[in-house]
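So the structure is just underneath, and the comments pick up after that.
The values are calculated or read from the model by the stated rules, or taken from the named source; none is laboratory data. Treat the numbers as computed from the prediction; the structure is a model and nothing was measured. Here the Cβ positions follow ideal geometry from the backbone for every residue, glycine too, while neighbour counts run over all protein chains shown.
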């Protein structure tokens, strides 16, 4: 009988010890996560100083294309936007192909929120096409594929020959 009681007490003690170990593991995991987060937050100035960040992204706006063109395009994007990544290849192709027909001004919505709010956009990518000599603005919210983008640029700039 005494050995049975001793075994039961031993099993209960082992269970308590296992629970303590699990709590300690959880505590140290949370503590390590907090330390890692604080470390990474403090790494930002070092990463910036080493030039590992695209500093051009921080300019408001980033300008490309022809500033003397009659068509101005304001493009609003975000580093966390999947469609913006896809839109970048469309914009790059259009700049190479028809960059003389428009001035492209890129705004990162995180770094340049004022201009984004001015047009009441709620999502990215978003565009404002401005025909300078006619003082007209066209707002488009959402991804624009290559063919549609070229069609818009050609129509608004009047510079594409068939």
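Points worth noting:
- Residue in segment 2-10 that is at pLDDT below 85, exposed (fewer than 10 other Cβ atoms within 10 Å of the Cβ) and under 41 Å from the mean Cα position of the chain (by Cα) present: no
- Selected residue (only one of 99, 114 is surrounded by fewer than 16 Cβ atoms within 10 Å (Cβ to Cβ) and either more than 16 Å from the chain's Cα centre (by Cα) or not in a strand (DSSP E or B) (or both)): 114
- Scanning segment 52-76 for residues that are over 15 Å from the mean Cα position of the chain (by Cα), modelled with pLDDT of 55 or more and either exposed (fewer than 13 other Cβ atoms within 10 Å of the Cβ) or outside the structural domain of residue 100 (by TED's automatic domain parsing) (or both) gives 63, 67, 68.
- Some residue of segment 30-47 being modelled with pLDDT under 75 and not in a helix (DSSP H, G or I): no
- Of the criteria (1) part of a strand (DSSP E or B); (2) over 17 Å from the mean Cα position of the chain (by Cα), which one residue 127 fails: (2)
- Residues of segment 130-148 classified as assigned to a helix (DSSP H, G or I), surrounded by 13 or more Cβ atoms within 10 Å (Cβ to Cβ) and either outside the structural domain of residue 88 (by TED's automatic domain parsing) or touching a strand residue (DSSP E or B) at 6+ places or on another chain (Cβ under 9 Å) (or both), total: 0
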